[in-house]
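Notes for the one structure printed next.
Coordinate-derived values only; no laboratory data. Quick caveat, the model's predicted, so the values are computed rather than measured. Glycine also receives a Cβ, built like all others from the backbone with ideal geometry; neighbour counts cover every protein chain displayed.
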């Protein structure tokens, strides 16, 4: 529940005639009173720490046959700042069916209703658990339906890829996984629909970039099959479903666990490494050693392939031609200075927060945090390298939030997904053209997290592995070798492109700045959300600085 938000008691809402009259008159007002308490507890509700002033239903649109379900559009206003718009799929279940649903999925129950003169009791619930509604969503896309609401319309569209994927296929819907920031619905083994819960202004990046990649024949992202939009805002996107063995994060954690099992049973000490940006680039240039191939094995080939796929993504995104939204733009001295200034501001914010929190930090990270606080000048010197001499390269549209969790592993290859960018940033900021090396830095930081995750994940209060000095040295070794293999694959496939500087010194300068920026951002994130994990990004910044 949002901090400071008091949940309204869930009294039964009395509805005249059919259940859909809950969107009318006094019943509508009663529902609006109950929405803030329910919405604030949902994973997809973005502003959990902001006290809600009110929630208002501003549009409702029936979907499916005989108005069996509705899409309700809700404006949430807060005691301060801008409001937010959300979409709620809503269905009704009465009697024993309603009680069964309430028992099995209590979190899905939005309100209790008493309907009509007969006083039929039932529950108004999150309609993603109603197969009538989830089938109706895909049906609207398939037939390009236009659905009319009180104040606006939903416009649905499909592509040639939809017709190819859906032909002759069983498309039974299944809601995927635990509740996330969006809701994903799988249709057989052919299609997946992402339903946005919070509605941003304009076209979503998943739709915009997905359409571009599909039109330009990029084979390593799911093909765009269709979309739904409500008054110009993206409501849902349909893509090809990729049969996979899980995301690259889970696959990587399995591989690094096997690596630790192997080195723990060996008496050999880890080679001494210094995983700075310069060392990553040097290792990428020479390739993995025989020792690394022996100890890490085929995962090095996997990461090199992932680097190649990343380069192919960037090559596609930089091939826009006359499309101004995607056309590459050159670096300028003004852009470089603004980049430096934003990084400098980030350091100031994080250092203030870290200094204030130092006394309350876990004992295991307090000493390293103290060392990090002494490195402010060294950090600013590294960022200052971005200004002075113009970087000869193009800025392009990028993935924007690139890490192992955004990549699917098929068993032999990788497929890149989720082009929404960092959700905490404004959509206009996520659309900015940047150096392709920002995505590369995000993936390298993800490898760093993977190297240490086993020492911070716990079962009860016990870490899965103890971070002994010996294993800490092996973690640095694994991270350096794996990241260098990825970087080697990326640089080899990007050679001669306009988005990558031809000057190796410029590559090092940009990559170093982005790696440090990402790690510093992670310090702030862990400080606010998972203090027990703060040791990972703190260690990362110190390693990059060689401190």
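Annotations
- What the Cβ-Cβ distance of residue 290 and residue 264 gives, at R0 = 22 Å and to the nearest 0.05, is a FRET efficiency of 0.55.
- Inter-label distance, residue 48 to residue 377: 4.1 nm, where each label sits 7 Å from its Cα along the C-beta direction.
- Subtracting the Cα-Cα distance of residue 410 and residue 102 from their residue separation scaled by 0.36 nm leaves 107.2 nm.
- Annotation: for a label point projected 7 angstrom from Cα along Cα→Cβ of residue 189, residues of segment 381-423 with backbone N closer than 19 Å are 408-415.
- Classification of segment 432-537 by its C-alpha gyration tensor yields a prolate form. The axis ratio a/c (a ≥ b ≥ c) is 1.5 or more, and a/b outweighs b/c.
- Rounded D (µm²/s) - segment 13-127, Kirkwood Rh over Cα pairs, Stokes-Einstein at 10 °C, 1.306 mPa s: 109 µm²/s
- Fully extending the segment from residue 327 to residue 341 would add 2.5 nm, taking 0.36 nm per residue of separation and subtracting the current Cα-Cα distance.
- Inter-centroid distance (Cα atoms) of segment 186-261 relative to segment 467-517, Å: 26 Å
- For the pair residue 349 and residue 181 in one chain, pulling the backbone fully straight at 0.36 nm per residue adds 57.8 nm over the alpha carbon distance.
- To the nearest ten degrees, helix 535-545 and the longest principal axis of the Cα atoms of the chain are 40 degrees apart.
- Using the Cβ-Cβ distance between residue 278 and residue 151 with R0 set to 45 Å, the FRET efficiency works out to roughly 0.20.
- Shape category assigned to segment 244-343 from the gyration tensor of Cα positions, a/c cut at 1.5: prolate
- Label point distance in nm, residue 77-residue 429, each placed 7 Å from Cα along Cα→Cβ: 2.6 nm
- Against the chain, whose longest principal axis comes from its Cα atoms, helix 95-104 is set at around 20 degrees.
- With eigenvalues of the C-alpha gyration tensor scaled by 5 and rooted, segment 294-351, Å: 31, 25, 8
- Radius of gyration over Kirkwood radius for the chain, both on Cα atoms: the Rg/Rh ratio is 0.99.
- On Cα atoms only, tilt of 299-317 relative to the major axis of the chain in degrees: 70 degrees
- Cα gyration tensor shape for segment 193-279, rounded if a/c is under 1.5, else prolate or oblate: prolate
- Ratio of the Cα radius of gyration of segment 133-240 to 2.2 N^0.38 Å, where N counts its residues: 1.01
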